[in-house]
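One structure below.
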Amino acid sequence: MRDLTRSTGVAERDPAWSPDGKWVSYFSDKSGEYQLVIEAQDGITPPRAIPLEGHGHYYMPTWSPDSKKLAYTDTQLRVWVLDVATGKARTVGSDPWMVPQRTLNPVWSPDSKWVAYSSRLKSLYHAIFVSNAETGDTKQVTDGLADAVWPAWDASSQYLWFLASTDFGLRSQGLDMASYDHAETLRLFLASLKQG
């Protein structure tokens, strides 16, 4: 075990190791505002701090499988993709509802081209969305008739597994019915992203 950052009085959190084993990323408030820091795993090369847009907390930095990008979320319930080489970040998705759990949970496709996540619709049900990591183009891939969460890619990047519940209704709103004893049933589904 070794202390990679060798710092005191600084909040450093959410470390993530790049898939190629060369880098460790983490959030740091050393500058007074949170920044994303990328540091060589050997601790010899000086770390690179990348300023982040906005203010607040950032969560769950996740490296793309090719170790060229990072996805993370923030307190405004946005999904970001950051290009490691340029340090430029773009918003590729969001959740319009701050109730009550954070369930975006972005996941990379194995080919590093897409980020999948769940976001709430106006009905407060979740749907699965996929965003192109290069362009930010986003599409909804589930119909919204069931509460769909926790996407997971297959090895080909053509299919998404996800959990969905068709009896989520009583728990979707902050109404009196939400306190009724009602078990939610989640089932495993598969969505194809093939065109045509």
>> If you take every residue apart from Val37 with its C-beta less than 12 Å away from the C-beta of Val37, what net charge results, scoring Lys and Arg +1 and Asp and Glu -1?
In response: -1
> Excluding Val84 itself, what net charge comes from residues whose Cβ is under 14 Å from its Cβ, given Lys and Arg +1 and Asp and Glu -1?
Replying inline: +1
>> Given a 1.4 angstrom probe, I'd like the percentage of the accessible area of the range 36-123 that is carbon and sulfur, rounded to a whole number.
In response: 58 percent
>> Which entries of Lys88/Lys194; Lys30/Lys69; Lys139/Lys194; Lys88/Lys122 have Cα-Cα distances beyond 21 Å here?
In response: Lys88/Lys194; Lys30/Lys69; Lys88/Lys122
> Can you tell me the accessible area per residue over the range 53-123, all protein chains present, probe 1.4 angstrom, in square angstrom?
Replying inline: 46 Å²
> Rounded to the nearest 20 Debye, what is the dipole magnitude of the range 105-162 about its Cα centre when Lys and Arg each give +1 and Asp and Glu each give -1 at the C-beta?
Replying inline: 180 debye
>> Shape verdict for the range 9-151, please, from the Cα gyration tensor: rounded (a/c under 1.5), prolate (a/b greater than b/c) or oblate.
In response: prolate
> Tell me, what ³J(HN,Hα) does each residue in the range 142-151 have, in order and in whole Hz, if you take phi through Karplus 6.51 cos²θ - 1.76 cosθ + 1.60 with θ = phi - 60° and put x for Gly and Pro?
Replying inline: 10, 7, x, 8, 9, 7, 10, 9, 6, x
> How many angstrom lie between the C-alpha centres of the range 97-142 and the range 35-71?
Replying inline: 21 Å
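The values are calculated or read from the model by the stated rules, or taken from the named source; none is laboratory data. The structure presented is a predicted model; accordingly, all values stated were derived computationally and were not measured. A quick note on method: Cβ atoms are made from the backbone with ideal geometry, for glycine too, and the neighbour counts reach across all protein chains shown. Side chains are part of the model used for accessible areas, which takes the heavy atoms of the whole protein and leaves out ligands, DNA and RNA. Shrake-Rupley method; radii C 1.70, N 1.55, O 1.52, S 1.80 Å.
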